[in-house]
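Everything on this sheet refers to the single structure shown next.
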Amino acid sequence: MASDTLPAAAAEERRPADRLEAVPVRHWGRWVAAVLAILSGIGLIGSLAKNQNLHWDVIGHYLFARLVFEGLFTTLWLTVASMVLGLALGTVVAVMRLSPNPVLYAVSSLFVWAFRGTPLLVQIIFWGYCGALYKHVMIGIPFTHITFFETETNSLVSGSVAALLALGLNEAAYASEIVRAGIQSVDEGQAEAAHSLGMSPTLTMRRIVLPQAMRVIIPPMGNETINMLKTTALVSVIGAKDLMSNIQAVYAQNYQIIPMLVVASLWYLLLVTLLSIPQSRLERRYGRGASRNGHVSPLQRMLAGTALRLPVRGSGPNHQKG
Amino acid sequence: MGTPMVHAEGVRKSFGRLEVLQGIDLTVERGQVCCLLGPSGSGKSTFLRCINHLEKLDGGRLSVDGALVGYREHGGRLHELREKEVAERRREIGMVFQRFNLFPHMTAIENVMEAPVRVAGVSKAEARADAQRLLDRVGLGDKAANYPSQLSGGQQQRVAIARALAMKPKLMLFDEPTSALDPELVGDVLDVMRQLAADGMTMVVVTHEIGFAREVGDTAVFMDGGVVVEAGDPRQVLVDPRQERTKAFLSKVL
Ligand SMILES: Nc1ncnc2c1ncn2[C@@H]1O[C@H](COP(=O)(O)OP(=O)(O)OP(=O)(O)O)[C@@H](O)[C@H]1O
Ligand SMILES: [Mg+2]
């Protein structure tokens with residue numbers, strides 16, 4: 001139909017397709033921008049390197065100091081433990097929020113409301129000083145004298161435990177919303193199919209819904225983890241001996257605030273970079289079956305760009321009809 | 001013939017104010033194929049979903065193989081079953097959906113193995129061998145390692161049938177199994193269902209495939225507006241219907 005309506009002149013000029021050369025758009029603007037960016041980068045680094053006030057000797061001296069490594073260790077385990085606590089508790093809260101049971105729904109909503117509604121800094125200080133609120137912690141039956149366990153609050157909730165509770169519980173409130181969005185992104189037909197096979201609601205959630213929800217959950221949780229790594233710096237207000245606490249302890253004595261903050265920043269940057277690696281692994285793991293051609297990284301796509309443009313193999317539905 | 005496989009008496013179901021099923025009576029004997037037909041919105045899917053308790057009844061009685069669906073009769077009263085007991089009963093009823101609903105994060109064979117391994121407690125090796133046999137049976141033995149996204153619609157639906165069969169059900173429910181498929185893929189799926197019927201499976205099939213209903217069905221049930229308008233031998237109901245509403249519907253789809 002198209003060939004009928006094509007003007008005769010245009011039809012004459014058409015060459016055989018294999019002799020046509022495709023000329024990509026030339027992006028001159030990109031080259032100009034790149035040169036400008038590199039020049040200003042060099043300028044900035046040069047001026048920083050020559051700046052006496054930055055005290056490169058102090059930075060070099062503290063970059064690998066024992067105190068810094070100890071703080072780094074605390075920061076790392078605090079991040080990991082808070083995220084594990086947050087994700088585990090957040091998943092429970094998310095499932096409760098989606099439950100038809102009104103009590104579970106109310107309890108979980110209250111939890112999210114309280115922990116998202118107050119500043120994290122307040123929560124950290126609260127847990128740090130909760131010994132002032134309750135001197136003793138005991139587990140027993142209320143309004144009776146039966147107790148199973150009793151101890152002093154301050155011995156139970158040390159600085160790092162307080163930090164973990166504050167960060168973990170706060171994270172759980174946010175994670176629960178991420179997990180809930182993930183669960184809701186899974187088509188209802190999936191749960192129905194599982195139920196029709198005799199799978200219980202719990203089994204359906206664990207085997208069918210959550211693994212599919214992971215695809216939606218992982219990217220924002222990756223964000224949360226990176227955020228958490230840096231947010232641990234806040235627990236320095238209760239002296240939890242994390243990287244930032246230890247850095248502060250040093251500059252409180254030597255007044256080298258800027259150099260010490262550079263030390264801290266360099267380490268945070270390195271850790272954040274390292275944390276991004278497991279994320280892409282996880283994404284690949286839970287992305288199984290999501291696309292027809294399997295996983296292709298941006299680099300692979302770039303390298304294979306030319307090959308992909310050729311009609312190599314037909315993998316469409318019609319191809320398999322036998 | 002003993003207890004019928006499916007027995008419905010006055011089944012009612014409402015969504016809010018809308019009464020979708022207004023008293024359905026229906027019997028499907030063992031080894032029979034019952035085809036449900038009717039215009040869109042007449043309640044066919046809803047009734048099918050009631051049979052394996054994906055929807056709760058609001059009234060009437062519905063039993064599968066002599067056991068009430070979703071309830072236990074005890075001391076003259078009906079007691080609602082717990083989720084676990086409902087799940088237990090669903091194992092014996094296979095269901096195939098219009099939109100396949102395969103688990104996209106599992107390969108074809110993993111889809112088929114999932115319920116036998118996790119629900120029936122069959123060993124993985126045994127389940128895998130069974131699943132491979134089932135895939136062979138639906139003509140997809142060579143696609144075992146493919147993910148659903150790498151299969152055509154017709155192939156996905158055949159995997160879905162194999163998945164339902166893996167639990168060795170005594171009753172199979174089909175909700176418009178071919179209406180999401182390209183015309184040239186419909187035949188493969190209908191062939192598998194035809195074979196299943198020939199092997200003696202009891203089936204309830206919601207379909208718009210009049211030819212299939214006429215050829216394979218033992219009974220045809222025409223529903224409209226939440227009631228059964230006409231039921232009987234498909235060669236009569238679908239060829240020479242008595243009711244005006246059936247005639248009008250058939251003239252539209254044929
Ligand atoms: N979960 C629900 N909530 C509210 N209304 C519903 C729900 N499910 C179905 N309905 C309504 O019930 C009526 C019957 O729906 P049903 O899906 O059983 O029709 P059907 O006969 O299967 O139609 P089709 O041929 O289009 O699949 C429709 O009017 C539909 O809108
Ligand atoms: Mg329907």
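Read-outs throughout are calculated quantities, based only on the coordinates presented, and are distinct from any laboratory measurement. Worth saying up front: this structure is predicted, and the values here are computed from it rather than measured. Note that we place each Cβ from the backbone using ideal geometry, even for glycine, and neighbour counts take in every protein chain shown.
Summary table
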read-out	value
Members of the stretch B:1-44 found to be within 16 Å of ligand 2 (Cβ to nearest atom) and either within 14 Å of chain A (Cβ to nearest Cβ) or under 12 Å from the mean Cα position of the chain (by Cα) (or both), listed by number	B:C34, B:C35, B:L36, B:K44
Criterion (within 14 Å of chain B (Cβ to nearest Cβ), under 32 Å from the mean Cα position of the chain (by Cα) and closer than 26 Å to A:K230 by Cα) met by exactly one of A:G168, A:G182, A:G128, A:G159	A:G182
Selected residue [crowded, with 21+ Cβ neighbours inside 10 Å and either within 16 Å of ligand 2 (Cβ to nearest atom) or under 22 Å from B:H7 (Cα atoms) (or both)] from B:A220, B:A231	B:A220
Residues satisfying the stated conditions in the stretch A:108-148, i.e. in a loop (DSSP other than H, G, I, E, B) and more than 26 Å from A:R97 (Cβ to Cβ)	A:Y129, A:Y134, A:K135, A:I141, A:P142, A:F143, A:T144, A:H145, A:I146
Hey, B:R77 surrounded by fewer than 19 Cβ atoms within 10 Å (Cβ to Cβ), closer than 20 Å to B:V96 by Cβ and over 13 Å from the mean Cα position of the chain (by Cα) or not	no
Looking only at the stretch B:8-28, and only at residues there that are of a type in the set (D, E) and touching a residue at least 60 places away in the same chain (Cβ under 8 Å), the one that is nearest to ligand 1 (Cβ to nearest atom)	B:E19
Test: residue in the stretch B:150-160 that is more than 16 Å from ligand 1 (Cβ to nearest atom), of a type in the set (K, R), more than 13 Å from B:L196 (Cβ to Cβ) and buried (at least 20 other Cβ atoms within 10 Å of the Cβ)	no
Failed item in (1) surrounded by fewer than 23 Cβ atoms within 10 Å (Cβ to Cβ); (2) within 30 Å of B:G23 (Cβ to Cβ); (3) not aliphatic (A, V, I, L, M), with B:G94 passing the rest	(1)
Among (1) within 13 Å of another protein chain (Cβ to nearest Cβ); (2) within 16 Å of ligand 2 (Cβ to nearest atom); (3) within 30 Å of B:V237 (Cα to Cα) - the single one B:F47 does not satisfy	(1)
Residue that is among the small types (G, A, S), more than 20 Å from A:I208 (Cβ to Cβ), more than 14 Å from chain A (Cβ to nearest Cβ) and touching a residue at least 12 places away in the same chain (Cβ under 8 Å), where the choices are B:G139, B:G154, B:G66	B:G66
Qualifying position, being within 16 Å of ligand 1 (Cβ to nearest atom), under 26 Å from B:A197 (Cβ atoms) and surrounded by 18 or more Cβ atoms within 10 Å (Cβ to Cβ), among B:I109, B:I51	B:I51
Members of the stretch A:174-185 that are buried (at least 22 other Cβ atoms within 10 Å of the Cβ) and closer than 16 Å to A:A106 by Cα	A:S176, A:R180
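Every residue, every condition in (1) more than 14 Å from chain A (Cβ to nearest Cβ); (2) away from ligand 1 (no atom under 16 Å from the Cβ), yes or no:
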| residue | (1), (2) |
| --- | --- |
| B:M172 | no, yes |
| B:E176 | no, no |
| B:L181 | no, no |
| B:L185 | no, yes |
| B:V189 | no, yes |
| B:L196 | yes, yes |
| B:G200 | yes, yes |
| B:M203 | yes, yes |
| B:V206 | yes, no |
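Here is a yes/no grid of residues against (1) touching a Leu at 6+ places or on another chain (Cβ under 8 Å); (2) away from ligand 1 (no atom under 14 Å from the Cβ):
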| residue | (1), (2) |
| --- | --- |
| B:V6 | yes, yes |
| B:C34 | yes, yes |
| B:T46 | yes, no |
| B:L62 | yes, yes |
| B:G76 | no, yes |
| B:G94 | yes, yes |
| B:V119 | yes, yes |
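Let's see how each residue does on (1) within 17 Å of B:I24 (Cα to Cα); (2) within 14 Å of another protein chain (Cβ to nearest Cβ):
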{"residue": "B:D58", "(1), (2)": "yes, no"}
{"residue": "B:R61", "(1), (2)": "yes, no"}
{"residue": "B:F100", "(1), (2)": "no, yes"}
{"residue": "B:H105", "(1), (2)": "no, yes"}
{"residue": "B:M113", "(1), (2)": "no, yes"}
{"residue": "B:S123", "(1), (2)": "no, no"}
